[in-house]
Amino acid sequence: MLNFEYHNPVKIVFGRGTIAELDKLVPTDTPVLMLYGGGSIKKNGVYDQVVAALGKRSVLEFSGIEPNPLYETCLKAVETVRREKIGFLLSVGGGSVLDAAKFIAAAALYDGVDTWDILAKGAEVKAAVPLGAVLTLPATGSEMNANSVISRSSTGEKLYFSSPLVYPRFSILDPETTFTLPERQTVNGIIDAYVHVFEQYMTFYLNAPLQDRQAEAILLTLIEEAPKVLKNPLDCDARANVMWTATNALNGLIGCGVPQDWATHMIGHELTAFYGIDHAQSLAVVLPRLLTHCREAKKMKLLQYGKRIFGIEFKKETECKAVDAAINATEEFFNSLGMKTHLSDYKIDANEAAGKISRRLKERGTMLGEQEQLSPDDVAKILIGCA
């Protein structure tokens, strides 16, 4: 029997034209800070819709949040929140903007000396400014979880925190906001969601057939819908399916009561911190090699995955070939979307990356994997294999 709790207080407002619902969702009696990134929302009409829905509320804006949100940028927003006595944060953009909003919400009310401790030392978040979201890029699942990942340029680190106090009060998901996404961002989002599922699913056998089937349903949906979106970016049905799938990939449901890995993400975070490649690019590079390195520990799940997702049949004497086929099929799916899967594709020296990242993990005393079975030396081997 599995023992677990599942709490998710986020109100999801899904569908075309739902940005107008902000008028009912955002408080009217406190200053609001609208957070967004590089300004694409002003080109695709989302900004105008948000401003119209907010009406006569007292609204300030903070723009320039990076795709991998920087701690240094967040601190500037924290100053604004404190100075202007902001009572509500509205994230308008993708998961990076929302991750930044969560950290800003927590840091603005943090009573400690150094807000970096929230990320680096797991300092307790005792209060947070309320926040909501208008999602424009399905990928991270941040719209329905309490997680946030922040980078710090001064130290070359990329760390995360989680607190129930930074759950969005609501998230608006209008698939039409994704019509104008560049193909690179669309592909990144699909792969990020795919690997989110893997981190919760591709571990070892446990008697959790429903969670397995739910995870597999998300993977199959991504495989089916991804080509439709890339062929026709204005296919609202396909966009909607990808958006809802990405949300369900990391809203906590499929991870209830089951072991979780997250080694691919942790290694990927370091690659992004050191070399600046996209988060999803780092995941697509690491995952196939990590699966190969952990093939024996994950064999039962790899066989199940290969059969249920890609129709790879096997007998006892062909299990090794079936495992290889499942790993190869995963990489081929990434490649079919135009995603490159080797460090050399990004002009990164694998041996250098292995040395840098393994040293950092040793300094932190970090072990990775669902059973903490991956040492820094194992990570180095995985990264060398990513060449």
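Where a number appears in this text, it was derived from the coordinates with a stated rule and is not lab data. All figures in this text were calculated on a predicted structure; none of them were measured in a lab. When we count neighbours, we look across all protein chains shown, and the Cβ atoms used for this are built from the backbone with ideal geometry, even at glycine.
Structure summary
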{"item": "Region 48-86: trypsin sites (Lys or Arg not before Pro) in DSSP coil with no more than 10 other Cβ atoms inside 10 Å", "result": "Lys56, Lys85"}
{"item": "C-alpha center-to-center spacing [region 199-242, region 265-310] in angstrom", "result": "16 Å"}
{"item": "Semi-axis lengths, Å, region 81-135, gyration tensor of Cα atoms, sqrt of 5 times eigenvalues", "result": "20, 14, 8"}
{"item": "Highest-fluctuation residue, Phe204, Phe88, Phe314 considered, GNM on the chain with Cα pairs under 10 Å", "result": "Phe314"}
{"item": "Structure-based [θ]222 nm, the chain - -39500 (n - 2.57) summed over DSSP H runs of at least 4, per residue, nearest 500", "result": "-15500 deg cm²/dmol"}
{"item": "FRET efficiency for Asp349 and Lys85, using Cβ-Cβ distance with R0 set to 45 Å, rounded to 0.05", "result": "0.35"}
{"item": "Lys228 paired with Thr155, simple spin-label distance in nm, labels 7 Å along Cα-to-beta-carbon", "result": "4.5 nm"}
{"item": "Unit Cα scatterers, Debye sum, region 231-291: log10 I(q)/I(0) for q = 0.17, 0.22, 0.29 Å⁻¹", "result": "-0.80, -0.97, -1.05"}
{"item": "Cα-based helix-to-principal-axis angle, 95-108 vs the chain, degrees rounded to 10", "result": "60 degrees"}
{"item": "About the Cα centre, charge dipole magnitude for region 11-178 (Lys/Arg +1, Asp/Glu -1 at Cβ), debye", "result": "200 debye"}
{"item": "Along principal axes, Cα extents of region 309-387, largest first, whole Å", "result": "43, 31, 18"}
{"item": "Fraction of antiparallel bridges per DSSP, the chain only, in percent to nearest 5", "result": "25 percent"}
{"item": "25 °C / 0.890 mPa s Stokes-Einstein diffusion coefficient of region 86-171, Kirkwood radius on C-alpha pairs, µm²/s", "result": "192 µm²/s"}
{"item": "Distance histogram in 5 Å bins (all Cα pairs of region 177-217, percent per bin)", "result": "6, 20, 23, 16, 12, 11, 7, 5, 1"}
{"item": "Difference of contour (0.36 nm per residue) and Cα-Cα distance, Lys24 to Ala297", "result": "93.3 nm"}
{"item": "Cα centre as origin, Lys/Arg/Asp/Glu Cβ charges: region 183-385 dipole, Debye", "result": "200 debye"}
{"item": "Alpha carbon convex hull of region 11-178, volume per residue in cubic angstrom", "result": "99 Å³"}
{"item": "Rg [Å, one decimal], Dmax [Å, integer] - the chain, C-alpha atoms", "result": "20.6, 70"}
{"item": "Charge dipole magnitude, Cβ of K and R +1, D and E -1 - region 41-119, Cα centre, debye nearest 20", "result": "460 debye"}
{"item": "Rounded D (µm²/s) - region 183-385, Kirkwood Rh over Cα pairs, Stokes-Einstein at 4 °C, 1.567 mPa s", "result": "75 µm²/s"}
{"item": "Proximal aspartates and glutamates relative to Lys11, as straight alpha-carbon distance under 16 Å, when same-chain residues fewer than 8 apart are discounted", "result": "Glu21, Asp23, Glu143, Asp174"}
{"item": "Angle in degrees between helix 71-84 and the longest Cα principal axis of the chain, rounded to the nearest 10", "result": "20 degrees"}
{"item": "Bins of 5 Å, starting at 0 and running to the largest distance - Cα pair percent for region 142-276", "result": "2, 9, 17, 19, 19, 18, 11, 4, 1"}
{"item": "Loop GluC sites (Glu not before Pro), region 284-345 (other Cβ atoms within 10 Å of the site Cβ: 11 or fewer; DSSP)", "result": "Glu296, Glu313"}
{"item": "Loop chymotrypsin sites (Phe, Trp or Tyr not before Pro), region 1-86, which have at most 15 other Cβ atoms in a 10 Å radius of their Cβ (DSSP)", "result": "Phe4, Tyr6"}
{"item": "0 to 90° range, to nearest 10: angle between helix 376-385 axis and the chain longest Cα axis", "result": "80 degrees"}
{"item": "Gain in span if fully extended, Lys316 to Ala217, counting 0.36 nm per residue against the direct Cα distance", "result": "33.0 nm"}
